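Worksheet: the structure to be examined is printed underneath.
Read-outs throughout are calculated quantities, based only on the coordinates presented, and are distinct from any laboratory measurement. Please read all numbers here as calculations on a predicted model, not as lab measurements. Backbone-built Cβ (ideal geometry, glycine too); neighbour counts: all protein chains shown.
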Amino acid sequence: MDRRKKHHLKQKSSFGYNNLIKTSLALLFFLCLIDMPYGYFQLVRFLALAGFGFLAYKANEDDKSEQIFIYIALALLFQPFYKLALGREIWNMVDVVVGVGLLISIFIKNKKLL
């Protein structure tokens, strides 16, 4: 198998994982809009850190430097160790903007592959 074909297959397999992570994170962020126990928000922070860290790693493998920067910034924003006290209303806006952005990024990538 030539190198280009291997790269294309590798891109397609990681593409599914990226979409699953983006969709899952978006769903978690949208659920933050309803009244949830504090432990849920802690869990979301850990999962967001892990998810954005994985997305940054995959973007690095694909040489997409602008995406690496975005995912690292989002991982730092949601990280659970040093919490930013932005208030409920601002966090709700952040959750919606990031969730919608993740979903839009899935459709933009799907369009480019077609």
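One decimal place: the segment ASN60-THR23 gains 11.3 nm when fully extended, by the rule 0.36 nm per residue minus the C-alpha distance. Label-to-label distance, LEU76 versus ALA50, with points set 7 angstrom from Cα along the beta-carbon direction: 2.3 nm. Taking 0.36 nm per residue of separation and subtracting the current Cα-Cα distance, fully stretching the chain between PHE30 and PHE69 would add 11.7 nm.
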